[in-house]
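Reviewing the structure listed below.
The values are calculated or read from the model by the stated rules, or taken from the named source; none is laboratory data. Only a predicted model underlies this, so the values are computations on that prediction, with no experimental measurement involved. Don't worry about glycine lacking a Cβ; one is built from the backbone with ideal geometry, like all the others, and counts go over all protein chains shown.
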Amino acid sequence: MFTLTMWVMLQTLDDDVPQHQDRLANPGLVVRPQAIEISYNHSEPTQYNPYVQQLRDLLQQYNDSIQEGNELCLVGEYTDQDEQPKKKVCQFKRSTLRQCSGLPDTSFGYAEGQPCVIIKMNRVSTVPSPAFTHIQHGSLKALPTLQF
């Protein structure tokens, strides 16, 4: 009976909305390499190879050839996709990370003692406030006051 109840409850969850929350309060935030402390001797590749492998695994899906099939989104433009069951994904090409892309330096800076740490923010499904549907540029004094 318990299994049946759990199965029925799981059927009500939406596949397009993040459900799992890790240690962080926001499920849309990922930090790689995943380590509480990054400590290694840069002359010993075996010490930093696990960190480099985590970065390689994360960035594999962002290879430029794979990202060509995704939507080209404009910077500063908000795209409302609430009615669409399957959300579009914007292009994010690995090469835009420059030195931290792992392309010019396959050790991600760990061999030189200048390691890369990547913070990835995923789309979080929330209802935006009408005040935040576009980005306003200018000085802080020129921005209007928001009324809630």
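Annotations
- Scan of the stretch 65-76 for residues that are modelled with pLDDT of 90 or more and closer than 11 Å to PHE92 by Cβ, ordered by number: ILE66, GLN67
- Residue within the stretch 31-41 that is at pLDDT below 90, within 15 Å of ASN122 (Cα to Cα) and out of contact with any strand residue (DSSP E or B) (no Cβ under 8 Å at 6 or more places or on another chain) present: no
This table checks each residue for (1) at pLDDT 90 or above; (2) exposed (fewer than 10 other Cβ atoms within 10 Å of the Cβ); (3) over 18 Å from the mean Cα position of the chain (by Cα); (4) not in a loop (DSSP other than H, G, I, E, B).
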| position | (1), (2), (3), (4) |
| --- | --- |
| TYR48 | yes, no, yes, yes |
| LEU59 | yes, no, no, yes |
| THR79 | no, no, no, no |
| LYS87 | no, no, no, no |
| GLN114 | yes, no, yes, no |
| VAL124 | no, no, no, no |
| VAL127 | no, yes, yes, no |
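- Failed item in (1) touching a residue at least 60 places away in the same chain (Cβ under 8 Å); (2) more than 23 Å from ALA35 (Cβ to Cβ); (3) among the aliphatic types (A, V, I, L, M), with LEU55 passing the rest: (2)
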